[in-house]
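Accompanying notes for the structure given below.
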Amino acid sequence: MKPAIKSKKKALIGAIIVGGFGLWWYFDPFPWLGFAIGILGGLFTYYLLTSSRMETGRRLFFIGLNLLVIASIVVVIAQMGMGAFLSWADIHEKEYYLQGQTSSGTQSFPCTRDVPQVWLGKAQYLDYASTWNIKFPTTLNAFLLTLIPYVTIGLLFGRGVCGWLCPFGGLTEIFVTGKRVRWKLDALKRKVSTRSGFSYAGLKEWVKDTKYGLLIVVVLLSIFLSFPLVCVFCPVFWLEPLFVLWVMVAIIIVFAIILPFMTKRRWWCLICPIGASFGLVNRISLFRIKVDKNKCIKCYDCVDECRMYTITPETIEKDKNPGDDCTRCGRCMEACPEDAIEICFVNTRKKVRGIFIGLTIIAALSLYIWFVIIMVDIFPRVIG
């Protein structure tokens, strides 16, 4: 695979832009952290822009985000103590907005509702208390405003969120490492005719549509049981009641660990209702994977490498682009011997892999600031 940007000068400019954002975003409350993130973010961006192994770098980055989240949970519990953490979880407000209540309060652990508050300038880290002071939404309109960052990310990347930004996706990525497929699960795949004979293609439609069914179920449950949809994948939400925790742990073990390890495919992404919601805007998202039919030699290397069953023999034979489950991970691009696959703007053939890489790193720096600050501020106290 050719580098995203051939000109090292242009790659350097892109790296400086990303590094400058990291410096600005992390400068408060710790200026030294801003400089550190700026330098590291810039160097990593330059590597991805000039490397022919983009997918390898993405995997390390993606898995690192998952480990960061896990470590931050452990650090917060270690600081507070399990009893205090569970007590806080018990009184933690599980509502979309706090109508008629005070608009300001503190938050010890990153909340899916409140992370966007950092984007919107409605959160301040109190280093003396190792917590965030949050301005909670008190009206429906204020709550809808907090969704703007998530909507923006969805419209930019679609299911690319599942391949670059989601912590659960990072967990799955650990277990799809390697080549040996122990379970083929052909019963769940469509059998199609190709020029070389019959072949198993992508998943059957009912399997692919399962995630949308789960999304509908979760939405209905959130309505009838009065819990916020945005809290579904918050670890704090799982603690009350306890059986929810065990159900989620079982689901994670099966779909994020066992199935990915045995099949080398990302089954968590194939059943995740949050991923399904991003999938609904996937076709109109700004960035898409495109296959140049004039370069494609139909070797099927991309089919073998696709972890989402979204590039199939049928896709290649009929000169189609990857389906709606494509996470823009780049495995197919790295596998293609003819450089026939690229990231382009939607409905165009303009190659914009460099822009995509820069924006995804900026998005990650934005979303994970809470977790990074937990580690640099609280972790030294815990081990001290």
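No lab work stands behind these numbers, since they all come straight from the coordinates. Here the structure is a predicted model, which means the values were calculated and not measured. Here the Cβ positions follow ideal geometry from the backbone for every residue, glycine too, while neighbour counts run over all protein chains shown.
Jot down the per residue volume, in cubic angstrom and as a whole number, of the convex hull over the alpha-carbon atoms of the range 208-345. It would help to have the intermediate numbers written out before the result.
On the way: hull volume 16.2 nm³, N = 138.
Per-residue hull volume (Cα only) is 117 Å³.
Taking the Cα atoms of the range 140-181, what is the range of coordinates along each of the three principal axes, in descending order and whole Å?
For the range 140-181, the Cα spread along each principal axis is 50, 17, 12 Å.
Only counting other Cβ atoms within 10 Å, I'd like 222, 87, 285 sorted with the fewest neighbours first.
The fewest-first ordering by Cβ neighbours comes to 87, 222, 285.
Residue separation times 0.36 nm, minus the C-alpha to C-alpha distance between residue 10 and residue 321: what's the value?
Values: separation 311, 0.36 × 311 = 111.96 nm, distance 2.85 nm.
Result for the pair: 109.1 nm of gain on full extension.
Calculate, for residue 348 and residue 280, the FRET efficiency according to 1/(1 + (r/R0)^6) with r their C-beta to C-beta distance and R0 22 Å; round to the nearest 0.05. Don't jump to the answer; show the numbers that get you there.
Values: r = 22 Å, r/R0 = 0.99.
My answer for the efficiency is 0.50.
To the nearest 20 debye, what is the magnitude of the charge dipole of the chain about its Cα centre, counting +1 on the Cβ of each Lys and Arg and -1 on the Cβ of each Asp and Glu?
Values: 43 positive and 26 negative charges, 358 e Å.
So the magnitude is around 1720 debye.
Please list the helices of the chain that count as membrane-span-like by this rule: a mean Kyte-Doolittle hydropathy of at least 0.5 together with Cα atoms stretching 30 Å or more along the helix axis, each helix being a complete DSSP H run.
54-80
I need the fraction of alpha carbon pairs in the chain separated by more than 35 Å, rounded to a whole percent. Present the calculation step by step, with values, prior to reporting the outcome.
Numbers: 20226 of 73536 pairs.
Across the chain, Cα pairs with separations above 35 Å total 28 percent.
For a quick protection proxy, order the peptides 133-142, 304-313, 329-338 by their average other-Cβ count within 10 Å, most packed first.
Numbers: 133-142: 16.6, 304-313: 22.6, 329-338: 20.8.
Per-residue mean Cβ counts within 10 Å order the peptides as 304-313, 329-338, 133-142.
I need 301, 319 ordered by Cβ neighbour count within 10 Å, fewest first. Mind dumping the intermediate values first?
Numbers: 301 18, 319 12.
Ascending Cβ contact count within 10 Å gives the list 319, 301.
Would you calculate, for the chain, the mean residue ellipticity at 222 nm contributed by helices, counting each DSSP H stretch of 4 or more residues as -39,500 (n - 2.57) and dividing by all residues, to the nearest 500? Can you show the working numbers first?
Details: 22 runs with 207 residues, N = 384.
Result for the chain, helices only: -15500 deg cm²/dmol.
Holding the Cα-Cα limit at 28 Å, pick out from 179/208; 10/350; 2/204 the pairs that are longer than that. Intermediate values should be presented prior to the final figure.
Working: 179/208 23 Å; 10/350 17 Å; 2/204 34 Å.
From 179/208; 10/350; 2/204, over 28 Å: 2/204.
Counting other Cβ atoms within 10 Å, which trypsin sites (Lys or Arg not before Pro) in the range 240-293 have at most 16 and lie in a DSSP loop?
Numbers: sites: 264, 265, 266, 283, 288, 290, 293; in loops: 264, 265, 266, 293.
Passing sites in the range 240-293 are 293.
Relative contact order (percent) for the range 256-384, with alpha-carbon contacts under 8 angstrom and 6 or more residues of separation? Present the calculation step by step, with values, prior to reporting the outcome.
Working: 125 pairs, mean separation 30.7, N = 129.
After rounding, I find 24 percent.
Would you work out the Kirkwood radius for the range 329-384? I mean one over the mean of 1/r across all pairs of different Cα atoms, in Å.
14.3
Multiplying the sequence separation of residue 187 and residue 47 by 0.36 nm and subtracting their Cα-Cα distance, what value in nm do you get? Show your work: numbers first, answer last.
Numbers: separation 140, 0.36 × 140 = 50.40 nm, distance 4.11 nm.
Here the segment from residue 187 to residue 47 would lengthen by 46.3 nm.
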